[in-house]
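*Asks:* Below is one structure. I have some questions about it.
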Amino acid sequence: MRFDEQTLSDASVFVAIVRCGSFANAARSLNLSQSASSRAVNRLEKRLGVRVLDRTTRSLSLTDEGRGLFERLEPLLHGFEDAFASVHEDRSRMRGRLRVKIHPTLAHVITGEQLRTFVERCPELAVELISSDKLGDLVGEGMDIALHVGELSSSRLIAKKLLDTRVITVAAPAYLRKHGKIVHPKDLLKKEHALIDYRNPETGRPFQWEFHRGRELVKIATPEKLVVSDIVTLHRICMAGWGIAQVLEVAVRPMLVSGAMVKILAEWGDEHFPIYAVYPSRNYVPPKLRVFLEFVSSVISEED
């Protein structure tokens, strides 16, 4: 006899009837009508070619065949119930491994203290953070989620925008004391100024320096005297007072608060960059991923 989903469903109704002692009680426990539970048993008996229940208006009893069927089905359905209960327990305990690809620009956004809090809150969850400025193939690389900076190309991945952050221009206080105030983007073209370029990982070329003020746009052609491909290095050179950098505001907020960096040309900061959480599927979001998404969203929103 061919086994299908309908047979499994009917068998489940049969077991519920025996457990509950009546069609009516079983129907209530399964959120079915009494007639639907009766039809399920009729289908099961038709497929088996035997009666499994003797029923009258006042009583219900198992036939010999029905008793044998129940004794075999009962432990199997208990196994299904235990499996679902185990998954439910895993949902609450957050077991397993969570692999996160995180853009280096966000290195200073999620602090060590915040990560410690998250890891301690999920003690049975192993977390692996992989730093990369390229989205890559999340599924092929076995990643659960990526925190990506910049626009996304069309794909089947699910993207949740966490934040639009401003592109700002910064320098160290020591640099500004030495070189004086900068009032217009074109002032940066003067020979005394040093500009630190950051290489775009997607194109392999330095990002274009742009300054946006409402509908105004000024582009600066940098001399590319110093080009870096690591965001932490960019921040350190800037804080050391060597030159000026264009950065994402969310990434340098701690340095701005401490005074290690100072905004310049603030009125020309109307360019924005998006930050996304990207993951493979909308159909099933594992509990560990849902909890991490909530954590990252709360951290990023605090920085906004």
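The values are calculated or read from the model by the stated rules, or taken from the named source; none is laboratory data. Just so we're clear, the structure is a prediction, and the values are computed from it rather than from any experiment. Counting neighbours? That spans all protein chains shown, and the Cβs are built from the backbone with ideal geometry, glycine included. What goes into the accessible areas is simple: the full protein's heavy atoms, side chains included, and nothing from ligands, DNA or RNA. Shrake-Rupley method; radii C 1.70, N 1.55, O 1.52, S 1.80 Å.
*Asks:* What does the charge count around GLY241 come to, taking other residues whose C-beta lies under 10 Å from its C-beta (Lys +1, Arg +1, Asp -1, Glu -1)? Could you put the intermediate results ahead of the total?
*Replies:* Details: positive: ARG177, LYS178; negative: none.
In short, +2.
*Asks:* Excluding SER229 itself, what net charge comes from residues whose Cβ is under 9 Å from its Cβ, given Lys and Arg +1 and Asp and Glu -1? Spell out each step's value before the answer.
*Replies:* Values: positive: ARG199; negative: ASP133, ASP230.
Neighbour charge sum, excluding SER229 itself: -1.
*Asks:* Once neighbouring chains are kept in place and the probe is 1.4 Å, which whole percent of the accessible area of the chain is contributed by carbon and sulfur?
*Replies:* Working: 8800 of 17230 Å².
That share works out to 51 percent.
*Asks:* Turning to a different aspect of this structure: Applying 1/(1 + (r/R0)^6) with R0 = 25 Å to the Cβ-Cβ distance of ALA221 and THR111, what FRET efficiency is obtained, to the nearest 0.05? Show your work: numbers first, answer last.
*Replies:* Working: r = 36 Å, r/R0 = 1.46.
Efficiency, from the Cβ-Cβ distance: 0.10.
*Asks:* Ok, one more. Give, as ranges by residue number, the residues of segment 181-196 whose backbone N falls under 14 Å from the point 7 Å along Cα→Cβ of ARG213.
*Replies:* Label zone hits: 182-188.
*Asks:* How long are the three semi-axes of the equivalent ellipsoid for segment 198-289, computed from the Cα gyration tensor as the root of 5 times each eigenvalue, in whole Å, largest first? Walk me through the intermediate numbers first.
*Replies:* On the way: eigenvalues 158, 62, 54 Å².
For segment 198-289, the semi-axes come out at 28, 18, 16 Å.
*Asks:* Right, here's the next one. I'd like the per residue volume of the convex hull spanned by the Cα atoms of segment 137-227, given in cubic angstrom.
*Replies:* Values: hull volume 15.0 nm³, N = 91.
Value for segment 137-227: 165 Å³ per residue.
*Asks:* Charges on Cβ only, +1 for Lys and Arg, -1 for Asp and Glu, centred on the Cα centroid of the chain; of SER33, VAL183, GLY21, which one is farthest towards the dipole's positive end?
*Replies:* It is VAL183.
*Asks:* Say the cut-off is 23 Å between C-alpha atoms; which of LYS190/LYS219; LYS134/LYS219; LYS134/LYS161; LYS134/LYS191; LYS181/LYS263 go over it? Spell out each step's value before the answer.
*Replies:* Values: LYS190/LYS219 15 Å; LYS134/LYS219 25 Å; LYS134/LYS161 17 Å; LYS134/LYS191 34 Å; LYS181/LYS263 11 Å.
Among LYS190/LYS219; LYS134/LYS219; LYS134/LYS161; LYS134/LYS191; LYS181/LYS263, the Cα-Cα distance tops 23 Å for LYS134/LYS219; LYS134/LYS191.
*Asks:* Using label points projected 7 Å from each Cα along Cα→Cβ, tell me how many nm separate THR56 and ARG19, to one decimal.
*Replies:* In this crude label model, THR56 to ARG19 measures out at 2.8 nm.
*Asks:* For the chain, what proportion of DSSP beta bridges, expressed in % and rounded to the nearest 5, is antiparallel?
*Replies:* Working: 28 of 44 bridges.
The antiparallel fraction comes to roughly 65 percent.
*Asks:* Here's something else I'd like to know. Quick one: among VAL183, VAL52, VAL232, which has the greatest mean-square fluctuation in a GNM of the chain with alpha-carbon springs under 10 angstrom?
*Replies:* VAL52
*Asks:* Which longest run of the chain has no exposed loop site in it, a site being GluC sites (Glu not before Pro) in a DSSP loop with at most 13 other beta carbons within 10 Å, and the site itself not part of the run?
*Replies:* 1-123
*Asks:* How about segment 200-299: which chymotrypsin sites (Phe, Trp or Tyr not before Pro) there lie in a loop by DSSP and see at most 10 other Cβ atoms within 10 Å?
*Replies:* Details: sites: PHE207, TRP209, PHE211, TRP242, TRP268, TYR276, TYR284, PHE292, PHE295; in loops: PHE207, TRP242, TYR284.
For chymotrypsin sites (Phe, Trp or Tyr not before Pro) across segment 200-299 that sit outside H, G, I, E and B with at most 10 neighbouring Cβ atoms in 10 Å, the list reads TYR284.
*Asks:* I'm checking a number: the convex hull volume of the Cα atoms of the chain, normalised per residue, in Å³. What is it? It would help to have the intermediate numbers written out before the result.
*Replies:* Details: hull volume 55.3 nm³, N = 304.
With only Cα atoms used, the chain gives 182 Å³ per residue.
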